[in-house]
Structure formats: C-alpha cells, structure tokens
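What follows is a single structure, written as structure tokens, with notes after it.
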Amino acid sequence: MPPKLTVSQNVIDRLTTVKQKCLGNLYGILYKNTLLIIGLHIHDGKKSEFIHSLPTEIDLHGVVEVGDGLINEDRVKQVMSDVDVTDTPIYMSCRISKEENSIETYYNVNNRLERTTYDIISEYDIYSQFLHIRLMTQLPLISGVTVEQIRDSFVVLRKQLTHGQVVFNFPKTRVYMMGSDCENGLIGLTGDPTVGEICKESTGITEGCDHSYQKKKGPPLDIDVLRVIMFRKITRDLVTDNVKIHAPVMHIDKKAHQSLIMTINIDALSIVHRDAKVVELYAMLVESCCRYLRLLEARVLANIKTCGGDYTKFSEPETFHFFPDSCGHFITRAYVKNDSEEELENERMVLHKQLLLPLYQPLFRRANRFLFKGDVQGSGLLINPHEGIKTSGNGGEIALVRGKYSYYHYCQNNMDDNGWGCAYRSLQTLASWFRWQGYTEKEVPTFKDIQKCLVDIGDKPSNFVGSKQWIGSTEVNFVLNSLMNITSKILYVSSGEEMGSKGPELINHFKTQGSPVMIGGGVLAHTILGVDYNNLTGNIKFLILDPHYTGSEDLAIIQKKGWCGWKGVDFWDKTAYYNMCLPQVPICI
Amino acid sequence: MVRSAVADEGLLTYMTNLAKTDTCTVGLILGQPTSSKDYIIHFAKTPPCHGDNGKNSNTGKSPKKFADILDIWVADHARHATRMLPGGMYVLGIFVVSEEDILSPFQQKIKTMLGHIHRRLNSNEFLYGNPNIPEKLVVNYCTTTQTYLCKSYDIETATVKQAEIKFQPKLAVKWLQVECKYELDQLFPIIEERGNWPLRRHMQDILASINENFKSGVFMFDGEIRDGDDCLELVGKKRKVPRAKSGHHESGELKPMQVTIIVPCDGRNLGQSLELRSCAGQIRLAGHVACKLWLHPKATVSDASQAVTQDLVRSLAARLEMHLDSLIEEEHGSPEDTNSIHEPPRRVLVTLPNSTVTLSDYLFPGEGPQEAQISLQELLDIEVSEQDAIKDIEGQADLTELYNDGLEADTDEILHRLPRATNRNIYLGGLAIAFLVLVLSLVLHFVKNYI
C-alpha cells in the first residue's frame, strides 16, 4: 500500500502558475504512512545535488513533469529511477493551461502507474505537525590541499560520525542521546518520550530555543526549532571486534607539506514529526551532520578548483539557512566568504528558476537568511517591533511593510540626538530595510555619513557635517539615492488632514513595494509601516514607528506606550504640511 | 585539625623488618589523601643508591645515618613510583627507619628532602605528582626506642604540624573501583615554525592539549550523570525505576564502575576557522589507554572525575617520559627518520599483595612480566611471584599493520623503528625468531609438497 499523499500548498501554488515545460524532483517527508510533498526542484534531467540543501528527513520521493499532460510511462519510469528511499515513487503530472495548470498524481506500484488523490496542506498545518532540530557544533578538519586529499578527509569525517562515538545533547540540560550502550540510548530522560512531549515538559530543553508554547490560532506561523549540540565520546565501553586495541603509538611523519586546517561550523537542520520518539533522533542527527558536510564539501572543492593552485585565494566556506515565503521550507546554501553577492547572481538566478520562485526580488542573498530567535544580532536593535501589535479595528484593507527592518530611534549608540535626529533615524530604518531584504550590502549610514553625503552632492554647505540641523523627506530621498542607489517617490500634503485622503496611494505602495515610508515636513518626522484603509467608510489608520523614543530596546514598552502603533488622521498636525518619501524597490535577485 | 592516616598493620611490620643496626632506611608512603584522612596503600623502600662514583662515599653500602641519604635519590624514586600509581594515589610522604629519632626535634634534613621530592614531582605537571594539599607525611620508626611517630610538614608555609598514623589489623577499605578505556586517535600537524622542536617538546604540547580537553569533559558513571558533590557511592542507587541490570551490589565485592567521558565538539584547540599552513610534518597518536583506579568510600563524583583525568594524563605522561628517556639519540637529528613509528611502553596492572588495589607498570615492546617483576621489586619492593598478578591490559600494536598503513600513505618511504637503549636486543631477537619460524614453516610446507 503506498502511503496517503499530501502536498504542500506552496508546491501546488508554484506548479499551477508555471508556463514552461520542465522536469523536476519532488521532495517529501514520510511519516506514519503519510507522504508529505513539501518541496520541488526543477533540474530538467540534470544531476541534482539539491537534497543536501534540505533539512534531513526530507528525501527524494518522486518526480514532477510540467507539460502537455501526456504520460509516456517508459520515460517516467526512467526519470524515477533515482528515487531510492521508497518502492512507490510519486509521479506528478502538471498540464499547462491558460488558466491554472491542472495536476494529477500517480504512484509507481510494481512498475505500474496508479492514479492517486492528494490533499493540499497549508504551511501552518505542516509546522503544527513538524518541528525543526538545529544541530550546531564544530568539527576539525585537517587535510592536505589537493582536491583528492580534501575529499578523502571529508569521507573520514563522515565515517567518524557513524561509529557511534558522537553524542547529542540539548544544550544546558542533562539529556544526552547516545549512540549505543545504555538501554534506549537516552540519558537524563525516563520512559520513551516523543519530541512533542519533551517540548511541553519543563525539561529545560526548550530554553533558549525558538519555541512558542502558546500556539496562536492560525497564522502568523511560528517555526519551532529545537537546538542540539554534539559531544564526542573519548572512552570506549564495549570493545567491538573490528576495533583493534593496542596501547598508544605515535606515527611521526616529518615530511614537509601544505596543510589545510579548518574548523567546520556545523549548522544542520532536520525536520521531525512531533509524534516521533526522541530515541529516533540519534540516527537522524548523524545523517543531518553528514548531509551538511556534503553540502559544504561541494563548495570547498569548487572553491579549491577555482583557486587553480593559488591557495592564497582559498576562502572560508559559510552556510546560510533560507526560508523563502513561497517555498515554505528551509533551504541551506553554502557560499565562500570571498564570493560577493554580485558574483553569486548567476547561481541565484539558476536556483530561483529551479525552485520556480519569482525573479524580481532577492531571496538567497546572505541578508535574506532566516533569523533564528537567539541568533546574535550584531546591532542589538529591535527587528520588526510592529509584529504582535493588535490590529487597528478599522476593518479596512490592511497593507504593511514586507520583510524585516531595524528600529532606529533617538539616543541609540550613546548619541544624544533628542530634538533634531528623528528624520535621520527614520532614514536609517528605511536603509536597514533595504539591507535586510538583500537589496544592498552597504551598511546603514551613520549621521556623519548622511551629512557628508548631503554636502558631497552639493545640497548642504560643508559646515553641515557635525551640525545638529534637521533634514526632511527630500534629503532622505537624496541620501537613499546617492548612497544606496534607491529612487523614491515623493508625496506632498499641505495639511495633516489631507493625509486622510492618501489611503489608496499608500495601500498601493505597501502592496507593490512593501518598503517603509518616511514622513516629514513642517514638523516631526516619522516612519509609516502600513495602513488600514476602509474604502467604505473612508476611514484610515496608519501604523507608525516613532523615532522620538529615547528609551532602551524594550519591546513591551515600545508597543504599550504606542511608540509603535496604529494612529488615526488626528495624529498628524492640521496646521503643518507633510512630505512622504516612498522608496521604490529595484527589480533584481 | 590534626592530619591522620590509616594503614594496614602489615605496613608496620614491613617497617620494623627494615630495622637494622647501623643503617638508616628511607621509603615512600603511597596512598590517597582526603580532606579527613589519608588512606595509605603501600610503603616502598627506596632502593640503595648504586650511584655513580661521585660525591657519595657510601656507594654500594647502606647509609648509616639519615643525614647520609641523598635527597635527589629519594626524589627520583618518588617520581618513578608516581608513574606507577593510579589516578587519585600519590606519594604522600616518606618513612624513615633509623636509630635516631629524627622527628623530635624535626630535622632540617627532612624539610630539604621533602622539598626535593615536591619539586621533582612538580617538574612535569602532567604526572600530577603532588596532590592539592601542601602537607607531606613523615613517619619515623626509631629502632632505639622501637616506636613510631608521625608528623606532617607543610611545603608552602614550611611549618611542622602534628599528625597521627594508625596501623589497623586487617584494614579493609571499601574501595570504589572505577575503570574506563580512553581512546586516542588524533592528528597533530607540526607547523613549520616548530619543525626543529625536539620530540620532547612536541610531546608536552600534545599532552597539554589532551589535558585541556578533559577539563570540558562530562563524566558519566555507569551511564549516570550526577552533580559533582554527589557521593560516588550513590551511583546506581536511588533510582526511581528499578532497572533489570542494576546488579552491582550483590555479593559484597563491588563491580567496577564504568566511566564514559564525552567532550563537547567545539574545536577550541584549532583557533581560526580556516588556515593554510606549511607544515614540517605531523604526529598521529593512536591507541587506547586503560584506566583502573580506586577511590575511598567517601569520594565524590568530582573526585572520581579528577582521578580519572589524572590517571589517564599521568599514564600518558609516564610512558612518554620513559620512551623519550630510552631513545638512543634525539630523534630529530637523524635525517633518515622522516617517517617513523614510536611505541611508548604499554601499561600493565599489578595487584598489590594483601590488597585489591592495583598499581601500574610499563613494558616496552617485547618485554614481558619478568621485566615487570624486576622493576616492581626495585621500585616498590614488591615480590610478585605469580605471573597472573601482572595483567597486560592494553596490548601491543600490530606493527605490520601500522607499517602497511604508513606505506599506503607514503609509498616511497620506509618506516624506521627507533633504536632504543633498553630491550633493543630482546625485541630484535623476537623479530629474528619470528622470521625464522616463518622461513621454517615455508620450508616445511614446500618439503611436504615435494614428498
């Protein structure tokens, strides 16, 4: 009996809109006789190593073909031959049509295609059933410098992981997962608990984890991530036959050679059903570590090949986890430090196409990496303080800023700009948004950068640098343009009351651009993060981020005291004029 | 608080038996110190100084007076004896059998001698020669009065304190046994700048990194993780769920506790995350160190963890010292030794007479129990008659296998065994015999086929 089939909404959404013939792999998780297809990768028949980018437990379960919907069984069987985790691979046929493509699914049972039905499952439902485990550890790699030597060293490293000498631990607890010996391989836990159970219990396992106890009803979605670290057993309890035992000997080789000495920072993800037993995690964690090493190895080898013998060009590999909204699952990418985003553009383009993702916005630049709770943020500033604020109750159409920004406000980094720096701070918030979305790698400009820029372009006299003079929307526009190459639209209103009529334009901005808006003019400067526009009543509410806040980075105060919150039209000064700077988003990946 | 020590009555007999007119005998007190009392396991007479024809006029003869004893000689004995002690056991002090009463007044000579011992034991930190307490015991058996007296001397503050020793008939300490097998397989690159370091320095460097590694270790006793100040005795007890295999309190004799050590994988020894280095070579250290030790009944889990660490590091340090001392020439001088296998001596366990506690000895390749018997006699004054009292627990490496590994890595190199001052002939003899046997069997094989 082939398992029950469910397909992620994200996979369906992407497949129903694709208009080109293509062939790809389907990746899924099998749990309790239900197969969940969660990801796809278009490879058009080429060899695909994409699996190493996916969390462990997601495996290749079938193929998808987008075309005229005609099935050539022999060809189908041939392309399905790579699927080795199951006897009943899935075949998904997607017929291109003018409207939505139609999708049919088949299991290959005993070499015959059998039509099957499928349920569509939302991202929210997937992650209420599954959670992620993030293994973070370090492994030393000492190797020669040739491609063969490095490859061999990676093989050795992976082999060592499978010898049962590694031990996993939930940090700051005494729960250890051992490879063998002691009864069920678990130390510090009694019984045979499931992953879901240990998350609920007050075992301290969830401390410092990306975990939310109170499941909110419906989206927004929280992705639960359990952290695990690794230990190495340096004693041996049971002497197995294949291990030859002898007193320590030293092999000293005094041949001069070049050596690659590397600390590999493992950061590997797995996905696991909440009903899975904790004892099952051991094998999964070993596999996730191996999968990570394969991903890294490919990048290291590619890098050493491009160096062409000049080892000074050799650069450290680094990995990032991405969670593009339209994918609905993690994708881990390995880059090397020296590769600029520009150099990686072609690679990203290929990936966007392989994953059927939009080609107008960056998704796999380093800045787009998924931010796990507890990951150290360099700046220490709050990110997206508006999240979790109650809606305005205006009952209209809501359009908000898309993606991440940092909250810049008065008196940060020991600088007393109280009374004059609000527009600078709002500009910084805007700049941070472009940085977070990967549109620029430039640092968020400092006050000095901003002032110097305005002097350089001739907008201000040279004594402006170091002064405490205000800037307005036009200056914000100039600076974004000259420092980050971002153009902006300027909207003008002659009085605060007139802001009430800007609903449609702002809705449109947030829907198409999604960038935060700076507003200034006769009086104070603010950042607009979104609008709630009711076109029946004509009422409008603005989601405001106030740069005049002088306190510490305390989210509770900021939300409670309305430093970030919904405001009505009366928020704006009736007697003052306003300029809004609406940054336009470039098209790129 | 008065320092107190307990010992079996047998040791008093041993001491009194050493009493002879006109001689003075010095020896080492071996045992385990605790905050409340010291458990003495053995007295070991310092062998007579068959020194070089130098300052000592008494060469060959037993010294008459305590003042005649060479401090350095006793200190050296202490170092050799320490190598043979399991973790948690130390040279606690000295005993002196003499005509004169040397403790009242406390002779200056004792202070200098203990000072020598202390410094000698500290000279290689990885031997863990000195316990954390600065006091050393001195037991004096005065043959004139036929009485014994005990004092302690604080090395740090140079003060003499009261101390007592009790010799109990049939002293039965309920030692807790702890054992494990430590597995080593590590590659240490020799970076170019250190290419001309002597081997000894590389070894100290490697020991330091191994020693450091233990500090972050998590120790499990019979698969349990406990608080450091929990009593070791509690391990295996007070379990809520009775387990099927919790059977080690059955028949009086305590089963040894198995220690599992795990260390976090965080590569802290490696520094930067990516380096390309020119290396002058590399050292691969591979094999097992067997550890078996005894702890007094009140020992805590952290006492035990420390003792295990000390045992393993001490054992490695001891065998490396012995190996380096035995090398004929400083190895880095000879250019043909580009690729060589070093075999430090292996650990064997020796059961003490009248005790469950075992001490260690180290045997070079090719050496057998006979050699252990000799060194035990000399250094610890123990007669081990039955060969089964000496347990070869680690085993010798199969060199042909290592040889092949080496060849695989480096086909055009020839592995050089290092000539050693001691036992060289025995070993070569062994090889020759093995070769002869091979040839003979081949010959026989062919002969058989022809007939």
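Every number here is computed from the coordinates shown, using simple stated rules; none is lab data. Owing to the predicted nature of the structure, the values given are computational and were not obtained by experimental measurement. Please note: Cβ atoms are built from the backbone with ideal geometry, for glycine as well, and neighbour counts cover all protein chains shown.
The label point for A:K46 and the one for A:E287, both projected 7 Å from the Cα toward the Cβ, are 2.7 nm apart.
Among A:K159/A:K313; A:K172/B:K298; A:K233/B:K292; A:K468/A:K502, which pairs are too far apart, with a Cα-Cα distance over 23 Å? From A:K159/A:K313; A:K172/B:K298; A:K233/B:K292; A:K468/A:K502, over 23 Å: A:K159/A:K313; A:K172/B:K298; A:K468/A:K502. Pairs of Cα atoms in the protein assembly as shown fall into 20 Å distance bins, from 0 up to the last occupied one, in shares of 10, 30, 30, 20, 9, 1, 0 percent.
Among the trypsin sites (Lys or Arg not before Pro) in the stretch B:121-221, those placed in a DSSP loop whose Cβ has at most 16 other Cβ atoms within 10 Å are B:K170, B:K174. For chain A, the 222 nm mean residue ellipticity estimated from helices alone, with every DSSP H stretch of n ≥ 4 adding -39500 (n - 2.57) and the total spread over all residues, rounds to -7000 deg cm²/dmol. How would you classify the stretch A:4-121 from its alpha-carbon gyration tensor, with a ≥ b ≥ c the square roots of the eigenvalues: rounded for a/c under 1.5, else prolate if a/b is greater than b/c, otherwise oblate? Cα axes put the stretch A:4-121 in the rounded bin. Within straight-line reach of A:K98, meaning a Cα separation under 17 Å, sit the following lysines at least 8 residues removed in sequence or on another chain: A:K19, A:K21.
Computed from the C-beta positions of B:S36 and A:H163 and an R0 of 45 Å, the FRET efficiency is 0.55 to the nearest 0.05. Modelled this way, with points 7 Å down the Cα-to-C-beta line, the labels at B:E192 and B:E9 are 7.2 nm from one another. In a reduced charge model with +1 at each Lys and Arg Cβ and -1 at each Asp and Glu Cβ, chain A shows a dipole moment near 480 debye about its Cα centre. Here is the size of the stretch B:3-168 from its Cα atoms: Rg then Dmax, 14.8, 45 Å. Quick one: go through the stretch B:91-116 and flag any residue whose amide nitrogen is under 13 Å from the point 7 Å out along the Cα-to-Cβ line of B:D68. The answer is B:98-100. Toward the positive end of the charge dipole of the stretch B:3-168, with +1 on the Cβ of Lys and Arg and -1 on the Cβ of Asp and Glu, the farthest Cα among B:I155, B:T145, B:V97 is that of B:I155. Per-residue extension of 0.36 nm, minus the Cα-Cα distance of A:E505 and A:Q129, leaves a gain of 131.3 nm for this segment.
Here A:K511 is the anchor, and the aspartates and glutamates within straight C-alpha reach of less than 18 Å, apart from those fewer than 8 places off in the same chain, are A:D325, A:E387, A:E397, A:D532. Where the alpha-carbon atoms of chain A are placed on the principal axes, they occupy 87, 64, 53 Å, in descending order. Checked against a 18 Å cut-off, the cross-linked pairs A:K404/A:K541; B:K20/B:K170; B:K64/B:K151; A:K47/A:K77; B:K181/B:K237 give Cα-Cα distances beyond that limit for A:K404/A:K541; B:K20/B:K170; B:K64/B:K151; B:K181/B:K237. Using the Cβ-Cβ distance between A:R95 and A:K277 with R0 set to 45 Å, the FRET efficiency works out to roughly 0.60. Label separation (A:E342 vs B:E156): 6.4 nm, computed from points 7 Å beyond Cα along the C-beta direction. Using R0 = 25 Å, the C-beta based FRET efficiency linking B:T356 and B:E164 works out to 0.50.
Taking the DSSP bridge list for the stretch B:3-168 and keeping only pairs wholly inside it, about 65 percent are antiparallel.
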